[in-house]
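What follows is a single structure, written as structure tokens, with notes after it.
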Amino acid sequence: MVVAMIAFLRKAERMEVMPYVHAGWVGALVAGFATWVIATWVIGISGASRELTEGSGR
């Protein structure tokens, strides 16, 4: 999706908005990683990891 957006913006000669596009996908990666870290930490301290492991095996 990002590649298609970049291709469209290049064809439309709108290179001035490229920093916003790149900031968007980098921000999405950072937010996804932060969400993963927080979710892993919450599951680890809640004791729910055993229940999640047992529930996912069925």
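Quick one: what pairs do we get from the range 18-33, first residue within 16 Å of V3 (Cβ to Cβ), second open to solvent by 60 Å² or more (accessible area, probe 1.4 Å) and assigned to a helix (DSSP H, G or I), C-beta under 8 Å, 6+ apart or different chains?
Partner pairs satisfying both residue conditions: V21/M5.
Please specify each residue of the range 1-14 satisfying the condition of being open to solvent by 60 Å² or more (accessible area, probe 1.4 Å) and touching a helix residue (DSSP H, G or I) at 6+ places or on another chain (Cβ under 7 Å).
The one that is open to solvent by 60 Å² or more (accessible area, probe 1.4 Å) and touching a helix residue (DSSP H, G or I) at 6+ places or on another chain (Cβ under 7 Å): M5.
The values are calculated or read from the model by the stated rules, or taken from the named source; none is laboratory data. Since the model is a prediction, treat every value here as computed from it, not as a measurement. Reconstructed Cβ throughout: ideal geometry from the backbone, glycine too, with neighbour counts over all protein chains shown. The protein model used for the area step is the full one, side chains on, heavy atoms only, and it has no ligands, DNA or RNA in it. Shrake-Rupley method; radii C 1.70, N 1.55, O 1.52, S 1.80 Å.
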